[in-house]
Amino acid sequence: MSARMIQVERVVDAPPERVYRAWSDPETVRQWLASSVEGSLIPGASSVLVFPRLRIEVDVLEAEPNSRFRFRWRHPGEDGVPTEVTVSIRPIGYGSLVSLSDGPYDTDDEAALDEYARAIAIWATALTQMRALVDYSLDLRKER
């Protein structure tokens, strides 16, 4: 197996508490990422992120207030490749450094390789949307 991880970092002007809330609070998640959240975002919970055209199952694995949020998600589609996402948050200057990792993706598997490419675009867009919310209270989504 040839595995790949997605690694993305963003510096935001918001404090770690606000960034953590963006990932862990269903109401705040609704303001920048999903249309709604079915279930809870506490460790051990299985929930569904609802988007205009799809539903994504997530299992929250860890939630360390103001510093770390980890979950497993199953990519939409027939193959439903499962990967694990870790969001680490640490103070930097007056804001926060947000580091996201997602994977592993088995790049020897064609379906997983397609999901890897799709997830790179998903996370780039999602982190831009998250920053718009935590720094400027803006919702950049085209569809809600």
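Values computed for the structure shown
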{"quantity": "Restricting segment 82-97 to residues that are more than 13 Å from the chain's Cα centre (by Cα) and either within 17 Å of ALA126 (Cβ to Cβ) or not in a loop (DSSP other than H, G, I, E, B) (or both), the residue that is modelled with the lowest pLDDT", "calculated": "PRO82"}
{"quantity": "Selected residue (only one of SER40, SER24, SER101, SER96 is in contact with a helix residue (DSSP H, G or I) (Cβ under 8 Å, 6 or more places away or on another chain), among the polar types (S, T, N, Q), buried (at least 16 other Cβ atoms within 10 Å of the Cβ) and farther than 18 Å from ARG141 by Cβ)", "calculated": "SER96"}
{"quantity": "Residue tally, condition more than 14 Å from SER47 (Cα to Cα) and at pLDDT 95 or above, over segment 63-81", "calculated": "7"}
{"quantity": "From ALA112, ALA117, residue being free of Cβ contacts under 8 Å to residues at least 40 places away in the same chain, among the hydrophobic types (A, V, I, L, M, F, W, C) and in contact with an Asp or Glu (Cβ under 6 Å, 6 or more places away or on another chain)", "calculated": "ALA112"}
{"quantity": "Strands (runs of 3 or more DSSP E) contained entirely in segment 30-73, each with at least 2 residues that are closer than 25 Å to ARG144 by Cβ and among the hydrophobic types (A, V, I, L, M, F, W, C)", "calculated": "46-50, 55-64"}
{"quantity": "Residues of segment 49-65 satisfying the condition of being closer than 16 Å to LEU100 by Cβ and of a type outside the set (Asp, Glu)", "calculated": "LEU49, ILE56, VAL58, VAL60, LEU61, ALA63"}
{"quantity": "Where VAL81 falls short, out of the listed (1) surrounded by 16 or more Cβ atoms within 10 Å (Cβ to Cβ); (2) under 20 Å from GLN129 (Cβ atoms)", "calculated": "(2)"}
{"quantity": "The listed residue being more than 17 Å from VAL87 (Cα to Cα) and either surrounded by fewer than 18 Cβ atoms within 10 Å (Cβ to Cβ) or over 11 Å from the mean Cα position of the chain (by Cα) (or both), out of ARG74, ARG68, ARG55", "calculated": "ARG55"}
{"quantity": "First in segment 1-12 and in contact (Cβ under 8 Å) with a residue 60 or more places away in the chain and over 25 Å from GLY93 (Cα atoms), second anywhere and of a type in the set (Asp, Glu) and surrounded by 11 or more Cβ atoms within 10 Å (Cβ to Cβ), Cβ under 9 Å, 6 or more apart", "calculated": "MET1/ASP106; MET1/ASP109; SER2/ASP106; ALA3/ASP106; ARG4/ASP106; MET5/ASP102; ILE6/ASP102"}
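The values are calculated or read from the model by the stated rules, or taken from the named source; none is laboratory data. This one's a predicted model, so the numbers in the text were calculated from it and none came from an experiment. Positions of Cβ are generated from backbone atoms using ideal geometry, with glycine treated the same way; all protein chains shown enter the neighbour counts.
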